[in-house]
Amino acid sequence: DWFAHTPPEILAKNFGVPAETFSRIPLHNLWIFQGTVPGDLAGDRAAIQKDAPVPTHPFIFPLGSSRPFKSSDTGSIQIADSSNFKVSTAVSSALVTVRPGGIREMHWHPNADEWQYYIKGKARMTVFDTGPNALTMDFNAGDIGYVRRNLGHYVENVGDTDLQFIGVFRASRYEEVSLSNWLTHTPPKLVAQHLNVDERTIAGWPDNAPGVMAKR
């Protein structure tokens with residue numbers, strides 16, 4: 001579009017070639033078009049590198065094959081943020097996988113809103129706000145979910161295949177607070193009085209923020 005709206009003689013001076021070189025450029029944006037299949041990756045890398053310095057940090061992060069932030073037989077959470085992907089100083093993400101019958105535990109994010117993209121499977125998410133106000137909705141592959149910062153939420157796998165979605169946060173680091181982890185690190189007598197639950201029951205709650213839990 002810029003080429004098409006620049007006089008040919010300016011393009012000729014800018015690139016050091018005859019103006020006729022640009023006589024057949026598209027006059028409108030192509031956006032997406034049919035091209036040729038690229039060759040080997042090494043060739044493309046050599047073509048773009050030339051004499052440019054190698055970036056200090058890589059701009060590609062293998063999120064899907066990275067070491068899980070949390071993992072169990074019920075699912076996993078894999079993280080990309082400034083702690084392991086150095087160039088990611090303004091955004092972080094979490095790839096969440098939940099096995100059939102599992103649930104992404106009740107939690108909230110204290111440092112950023114969450115923008116979700118559902119990759120595969122069937123999900124049901126409930127978001128809680130003070131008021132009380134709560135909203136429950138179903139999500140399928142290709143859907144987008146949104147949770148405001150500090151709002152409690154959980155996501156159930158309501159299908160018979162793996163559920164997978166990615167959460168994106170406008171923050172340099174991924175942060176979450178697990179509800180069960182918070183309550184199990186609060187004096188049990190206080191929790192018991194608040195919830196009218198026996199202290200022995202509270203002692204059996206997960207105290208390690210598992211991330212993904214199996215439904216009972």
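The values are calculated or read from the model by the stated rules, or taken from the named source; none is laboratory data. Note that this is a predicted model, so its numbers are computed, not measured. Quick reminder, even Gly has a Cβ in these numbers, built from the backbone with ideal geometry, and neighbours come from all protein chains shown. Quick note on the areas: whole protein, heavy atoms, side chains included, nothing else; ligands and nucleic acids left out. Shrake-Rupley method; radii C 1.70, N 1.55, O 1.52, S 1.80 Å.
Please report, in cubic angstrom per residue, the volume enclosed by the convex hull of the alpha-carbon atoms of the chain.
Values: hull volume 44.5 nm³, N = 216.
Dividing the Cα hull volume of the chain by its residues yields 206 Å³.
When the solvent-accessible surface of protein heavy atoms is calculated with a 1.4 angstrom probe, in what order do Phe33, Phe165 fall, highest first?
Details: Phe33 135, Phe165 5 Å².
Heavy-atom accessible area, descending, gives Phe33, Phe165.
Given R₀ = 22 Å, what would the calculated FRET efficiency be for Ile119 paired with Ser172, taking r from the Cβ atoms and rounding to 0.05? Could the numbers behind the result be given before it?
Values: r = 24 Å, r/R0 = 1.08.
So, using R0 = 22 Å, E works out to roughly 0.40.
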field: Convex hull projection area averaged over all views, region 1-110, Cα basis, nm²
entry: 13.0
- prompt: Which whole-number percent is the relative contact order of region 133-216 (Cα, under 8 Å, 6+ apart)?
  reply: 22
field: Those trypsin sites (Lys or Arg not before Pro) in region 16-74 that DSSP places in a loop and that have at most 16 other beta carbons within 10 Å
entry: Arg24, Lys50
- prompt: To the nearest 0.05, what FRET efficiency results for Arg24 and Asp44 with a Förster distance of 35 Å applied to their C-beta separation?
  reply: 0.90
- request: Return the whole-Å distance between the Cα centroid of region 86-101 and the Cα centroid of region 180-216.
  value: 26
- line: The base-10 log of I(q)/I(0) that the Debye equation returns for region 2-48 at q = 0.14, 0.22, 0.28 Å⁻¹, one scatterer per C-alpha, is -0.55, -0.87, -0.92
query: Taking only C-alpha pairs under 8 Å that are 6+ residues apart, what is the relative contact order of region 19-144 in percent?
result: 13
- prompt: Hey, what did the chain get for relative contact order, percent, Cα under 8 Å, at least 6 apart?
  reply: 21
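Between beta-carbons, use under 10 Å as the cut-off and find the net charge around Val168, counting Lys and Arg +1, Asp and Glu -1. Show your work: numbers first, answer last.
On the way: positive: Arg170; negative: Asp113, Glu114.
Taking every other residue near Val168 into account, the sum is -1.
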The chain, helix-only ellipticity at 222 nm - DSSP H runs n ≥ 4, -39,500 (n - 2.57), divided by all residues, nearest 500: -4000 deg cm²/dmol
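Nearest 20 debye, what's the magnitude of the dipole of the chain about its Cα centre given +1 on Lys and Arg Cβ and -1 on Asp and Glu Cβ?
Value, rounded to 20: 260 debye.
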message: With a cap of 14 neighbouring Cβ atoms within 10 Å, and only residues DSSP puts in a loop, list the trypsin sites (Lys or Arg not before Pro) found in region 164-205.
response: Arg170, Arg173
Farthest positive-ward along region 65-214 dipole, Cα basis, beta-carbon charges - from His153, Leu195, Ser83: Ser83
- line: Over region 88-170, the quotient of the Cα radius of gyration and 2.2 N^0.38 Å is 1.05
